1. Count, please, the residues in the stretch A:1-43 that happen to be touching a Lys or Arg at 6+ places or on another chain (Cβ under 6 Å) and among the charged types (D, E, K, R).
2. Of everything in the stretch A:18-33 that's within 16 Å of DNA strand C (Cβ to nearest atom) and among the small types (G, A, S), which residue is surrounded by the fewest Cβ atoms within 10 Å (Cβ to Cβ)?
3. Considering each residue of the stretch A:1-17, count those that are within 9 Å of DNA strand C (Cβ to nearest atom) and closer than 22 Å to A:K46 by Cα, and give that number.
4. Anything in the stretch B:124-135 that is facing another protein chain (nearest Cβ under 7 Å), farther than 22 Å from A:E106 by Cβ and not hydrophobic (A, V, I, L, M, F, W, C)? List them, or say none.
5. Based on this model, can you work out whether B:E104 counts as modelled with pLDDT of 95 or more, among the acidic types (D, E) and within 16 Å of DNA strand D (Cβ to nearest atom)?
6. Yes or no: B:L100 under 25 Å from A:Q122 (Cα atoms), in the same structural domain as B:L11 (by the TED database), in contact with a strand residue (DSSP E or B) (Cβ under 6 Å, 6 or more places away or on another chain) and in contact (Cβ under 8 Å) with a residue 24 or more places away in the chain?
7. Output the helices (runs of 4 or more DSSP H) that fall wholly within the stretch A:33-138 and possess 1 or more residues being within 23 Å of B:L131 (Cα to Cα), or say none.
Number of protein chains: 2
Amino acid sequence: MWNVDEILDKLKTRGYKLTGQRKAIVERLCGRKDHPTAEQLYKELKKDYPTISFATIYSTVQLLEEMGYLQILTIDEKKTHFDPTWAAHAHFFCQKCGRLEDIEMEQEEVDKLKNLSEYRTQSLQVYLYGLCPECNNR
Amino acid sequence: MWNVDEILDKLKTRGYKLTGQRKAIVERLCGRKDHPTAEQLYKELKKDYPTISFATIYSTVQLLEEMGYLQILTIDEKKTHFDPTWAAHAHFFCQKCGRLEDIEMEQEEVDKLKNLSEYRTQSLQVYLYGLCPECNNR
DNA sequence: GTACCTGCAAACAATTTGCACTAAG
DNA sequence: CTTAGTGCAAATTGTTTGCAGGTAC
């Protein structure tokens, strides 16, 4: 699990400016277990930064992805979700309600999948689709 | 591998009309190894159906997905790709040129992944991201 | 002081939708 | 004949972009 200071340090090291917005975004993402969308982040951050914009959110999130601190999930066809968890894992997406859950996966399994291609794999996603128990029972 | 007639039969059985457009779309998808986008399909189909529309393509493709004959891939953040191959396999996406390739995967492996969740998994995608050899060498 | 960053609004692009017309059965 | 399907154009929506002003360093 990465921590806020580590990321801010690395940002600085790479020559990026430590703006209040970037700090706020990193802090808000760090350690959380859900997978917020840009919209969700925007609403949450508005409390601290009433003027924050999608432009800033998207650009910061892309920065964090390039640095390997988060993954941008395309499991939901409608919008991207951000996943700040570093540990190797798969995702389950409920096709009815949109619920998005982490699923544990062994590192060994992940490595095996990454090596499926003869090309060098930089990142990997395993997406499972179905109905969550609640949606299945009605 | 499914064939054109099987699909058309099943469409009829389910009460859908066998329009020329649907036949053309099914024929064009059946057996192909690449992963066309809506745009690509549209261009190709225009030769036979100069008036064909995106509305028809999207609706037919959704129908085929519901019937389990193709998968709609979200590996490319920008647009969806259609995959008419039924056999279990993963996908590799080149982050630079957008090349999208099939990767073989054993059925055993697929089943294992599908069972990672306690919920019933209806479908599964394994996406590998990286650079293809060509993009890697320049 | 000077890049770089931010916020705003406009632009973009893939997909969806409403509706009048057409054609399958 | 009836109803589902089609094509068109407009609408929608998540994301990106251009640019003027602001801020980190």
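1. Number satisfying all stated conditions: 0.
2. A:G20
3. Residues in the stretch A:1-17 being within 9 Å of DNA strand C (Cβ to nearest atom) and closer than 22 Å to A:K46 by Cα: 1 in total.
4. Result: B:P133, single match.
5. no
6. Numbers: under 25 Å from A:Q122 (Cα atoms): yes; in the same structural domain as B:L11 (by the TED database): no; in contact with a strand residue (DSSP E or B) (Cβ under 6 Å, 6 or more places away or on another chain): yes; in contact (Cβ under 8 Å) with a residue 24 or more places away in the chain: yes.
No: the conditions fail for B:L100.
7. Here the list reads A:54-66, A:107-114.
For (1) buried (at least 20 other Cβ atoms within 10 Å of the Cβ); (2) more than 11 Å from DNA strand C (Cβ to nearest atom); (3) in contact (Cβ under 8 Å) with a residue 12 or more places away in the chain, each residue gets a yes or a no:
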{"position": "B:T56", "(1), (2), (3)": "no, no, yes"}
{"position": "B:V61", "(1), (2), (3)": "yes, no, yes"}
{"position": "B:M67", "(1), (2), (3)": "no, yes, yes"}
{"position": "B:T80", "(1), (2), (3)": "no, no, yes"}
{"position": "B:W86", "(1), (2), (3)": "no, yes, yes"}
{"position": "B:H89", "(1), (2), (3)": "no, yes, yes"}
{"position": "B:Y129", "(1), (2), (3)": "no, yes, yes"}
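The values are calculated or read from the model by the stated rules, or taken from the named source; none is laboratory data. Given the structure is predicted, the values throughout are model-derived calculations rather than measurements. Every residue, glycine among them, receives a Cβ derived from its backbone with ideal geometry; neighbour counts consider all protein chains shown.
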